[in-house]
Structure formats: structure tokens, C-alpha cells
Amino acid sequence: MSVLVGLLLLLGAILLVPCTVLLVQVLAALPALRRGNAAQGVQLSISPSPEVCVLMPAHNEAAGIAEIVRALLSQLGAHKRLLVVADNCTDATAEIARRAVDDSPFVEVIERHNPELRGKGFALDHGVRHLEVHPPAVVLILDADCTLKPGSIDTLAMLCMTTGRPVQALDLMQAPVGGSIKTRLAEFAWLVKNQVRAMGYFQLGLPCQLMGTGMAFTWLHISKAQLNTGQIVEDMQLGIDLARSGTPPLFCPQALVTSVFPSAADGLQTQRTRWEHGHLGIIVTQVPRLFWQALTRANGALFAMALDLCVPPLALLTMLMVGSFAAGVLLAVGGVSVWPALLSGLATCMLILAVMLAWWRFGRSVISLKQLCHVPFYVAAKLPLYFYFLVKRQSAWVRSKRDGEL
């Protein structure tokens, strides 16, 4: 029994770390952000505006690419251009994109065909190599299913040039009209991860993770980045690599990029599997090394990023906490030891407090309290996803099916 008690105490102590990080981030995010500051007191004084290229990787996006690029046209100009990389497309993505912009001098559409090397990272690398002929000062990566708030290009580019660091816009995904409770819960979990937690670190003067879209880089950084790796969470890996090199990403909540969750169950499942298997893989393979490097280099920003990365998806964290607490209660009732229950109970209370505060301050417009009470069913539905991480982890990039596709 002493071995079991020791294991449960160790598990409780390990789980206490992400619960503490999450609660600190939520508490730090509660104060309203003061408008007008681009980031942590940085003054934006770049004049004239830097030359920017919006780099948009697109794979079989014929259904929606026209609307996306047309929405960007009004934000382009002499110093702001768009490069669409139609990557391994089997539909008319490239042709539709060209027609949609009506031969605009600020938009270029190129195609890449290499069925052996598939994935967003390869498309980005192809685009960056294409830009070497006439490199911009800043490259802004935007996914082909995302809408960028007007003014965000200038905000991100100027902040990127002023600080010399990669900059991440606020990236929000929304449930489709009439979306299920499950999709609403997914939207809330996304909001906690990308807005609340990032805002908390922002308020504390700490870096954020890269989120895959709405990311701005100086040419120096993006041209040297290792993009063609086939990594399924290439954004997260890129943020880690840049932090290791001394330029951790900076959050910019004034810039906003939005997209919509797939309404089709298979599209949503593919998307969540890629994100969560990729994140868990990063936790397993990268976080211990990051902690060691942060300590040996006395690098606070790298240590903060390692702490942020060790917070698993909310559903998994909830699942682990429930299991740990239940086992601790059984030992306490059996008269073996109360300490595992007390430790896991403390962590569970921190998790519940963090989630409720995040909902109260940021999430009430997304999901009602009644809908939030469906969390146990949401967590249970994701059990197969985490089981397959153990027995059949997704390691190859798979595009999520868009609404309306067969």
C-alpha cells in the first residue's frame, strides 16, 4: 500500500503544476486590458510602415478561398501583399483564388505539387523560399479558412519590427450557427487556451505559444526557421525553437483572427485529434528538455513557456484530476492515507476555480452555465482520442474536412 500511496502522491504533485499554472494565468487575465497599448508598454514607432507579405497556405480550399482572399483585398496595398500557396491541391483552389482577386497587383498565387511531402510546414517553407527573390520585412502567416480583423496587419507588422520578436494575434475559433453543445464546449476550451491563458501571461510580461495563424515574423527569423519537418503542430514547435534562440513569441490581443469550427462531426474529430495528439507529443518529448535548458541558461521566458506547455487540454486535465481524486478518496475511506486525497483535492479545487473564473469573465457569451455542466459528457466523449494517443498516435498531417465537402 505504501507504494500505491507514494505513486498517488507523485501523481497529485505532478498534476498540481498545470492546475497552478492555469489558475495563475486566469487570475492574471481577469483585469480588463487597457486599450491602446500594443503590447506590454511597447511604443509602435516604425515609419514608414514595413513591407509585409501575408503568406497563406491552402490545401483543397476551393469552397471558401474566394471569400477569404476578397476579405483581405481591402487591407492590401503598396507595402502589403498576399502570397497564396496552393499546396498539393486536387481541386481548383489556385484558379478560384486568382479569379477572386481579379488580377490584383498585390496578390500572387503559386502552386506546389509534391505528394510525398505533405503538410502545412512544407507549404510554408515553399512560400518562404519563393519570397527570397524579393523578401519583405515581415511575413504574416494566415490560414486559408481564417478572417483577419481590419488593421491587424499593420499592428502585427509594426510590433514585430519594433520588438524584433515573433508576434501572435488573438486567434479565436467559433462554433457554427446552431452548433451542438459539444462544439460550444470546444469553443470555450479554445477561448481559455488562446485568449484567457495567453492574456494572463501577457499581463505578467511573459511570452505566449504560437497558435498556427495570425503569426508575424521578421524576415530574418522566418527565413532561417526549420519549417519543412512534417510536424503536425508546426506552430507550437516553431515557437519553442524561437524561444530557445532568444526570441520568444509576443502576444498581441489587439490583432484578431477568427475562424469557425467544422459542423461535421468527422471534420471536428480530425481537427481535435491533430491538435491534441500534437500537443501531448510536445509535452512528452519537449517539456522536460525545455525545463532543463531554462534552468541551465537561467532563462525565465523559456521556463514560462515550458510551464505553459505542460498544461494539457482541459478535457484531459479534468479526466486526470477526477481519476486521481477518486483513487485518493478510496484510500482515505479505506483508512490507508488521507494525503493523496488532500493533494489531489487541492489541485481539483484549483482547476474548478480557474474554469469558473474564466467562464465568468470571458465565456458567458459563448456558453451558458447549464451548457457548461455538460463537461463530464464532453470529457467522456474524448476518452477514445486519448486512448489512441497511447496505442496509435497521429503523427502525420491530415487536413480537416470542411463543411459541405463529401
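The values are calculated or read from the model by the stated rules, or taken from the named source; none is laboratory data. Keep in mind the model is a prediction, meaning the values are calculated, not measured. Every residue, glycine as well, gets a Cβ built from its backbone with ideal geometry; the counts of neighbours run over all protein chains shown. Each accessible area value is taken on the protein alone, full model and side chains, heavy atoms only, with ligands, DNA and RNA left out. Shrake-Rupley method; radii C 1.70, N 1.55, O 1.52, S 1.80 Å.
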Report, to the nearest 10°, how far helix 181-191 tilts away from the longest principal axis of the Cα atoms in the chain, using its own Cα long axis and a range of 0 to 90°.
-> 80
With Cα coordinates, the longest principal axis of the chain makes an angle with the long axis of helix 300-309, in degrees rounded to 10, of 70
Two decimals is fine: what is log10 I(q)/I(0) at q = 0.23 Å⁻¹ for the stretch 76-157, from a Debye sum with one equal scatterer on every Cα and no solvent?
-> -1.36
Can you give the accessible area of TRP190 in Å² (nearest 10), computed on protein heavy atoms with a 1.4 Å probe?
-> 30
Computed from the mean reciprocal separation of all distinct C-alpha pairs, what Kirkwood hydrodynamic radius does the stretch 131-232 have, in Å?
-> 15.3
Pairing the Cα long axis of helix 265-285 with the longest principal axis of the chain, what angle in degrees results, from 0 to 90 and rounded to the nearest 10?
-> 70
Note on the stretch 199-330: C-alpha Rg/Rh, Kirkwood Rh, two decimals, gives 1.00
Between LEU191, LEU206, LEU346, find the one with the highest GNM mean-square fluctuation for the chain; connect C-alpha pairs within less than 10 Å.
-> LEU346
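Put ILE153, ILE96, ILE352 in order of accessible area, largest first, 1.4 Å probe: what do you get?
ILE352, ILE96, ILE153
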The stretch 295-389 - Rg over Rh from alpha carbon coordinates, Kirkwood radius = 1.05
Over all alpha-carbon pairs in the stretch 176-249, figure out the percentage whose distance exceeds 22 Å.
-> 35
Given charges at Cβ of Lys, Arg, Asp, Glu: the stretch 262-388 dipole, positive-most of ALA301, LEU331, LEU346 = ALA301
Karplus 3J(HN,Hα) series, Hz, for the stretch 216-224 with 6.51 cos²θ - 1.76 cosθ + 1.60 (x for Gly, Pro) = 10, 9, 5, 4, 4, 6, 6, 6, 9
Using r as the Cβ-Cβ distance of VAL17 and ALA78, and R0 as 60 Å, what FRET efficiency do you calculate, to the nearest 0.05?
-> 0.75
Compute the semi-axes of the equivalent ellipsoid of the stretch 277-339, taking the square root of 5 times each eigenvalue of the Cα gyration tensor, and list them largest first in whole Å.
-> 31, 15, 9
Per residue, what volume in Å³ does the Cα convex hull of the chain take up?
-> 147
Solvent-accessible surface ranking, highest first, for PHE251, PHE325 at 1.4 angstrom = PHE325, PHE251
Over the stretch 327-383 - Rg/Rh using Cα atoms and the Kirkwood inverse-distance radius = 1.13
Sequence ranges 8-16, 252-260, 377-385, ranked by mean other-Cβ count within 10 angstrom, highest first | 252-260, 8-16, 377-385
Proximal lysine pairs in the chain, meaning Cα under 22 Å and 8 or more positions apart or interchain, come to 17
Can you tell me how much longer the chain between VAL333 and SER245 gets when fully stretched, taken as 0.36 nm per residue apart minus their C-alpha distance, in nm with one decimal?
-> 26.6 nm
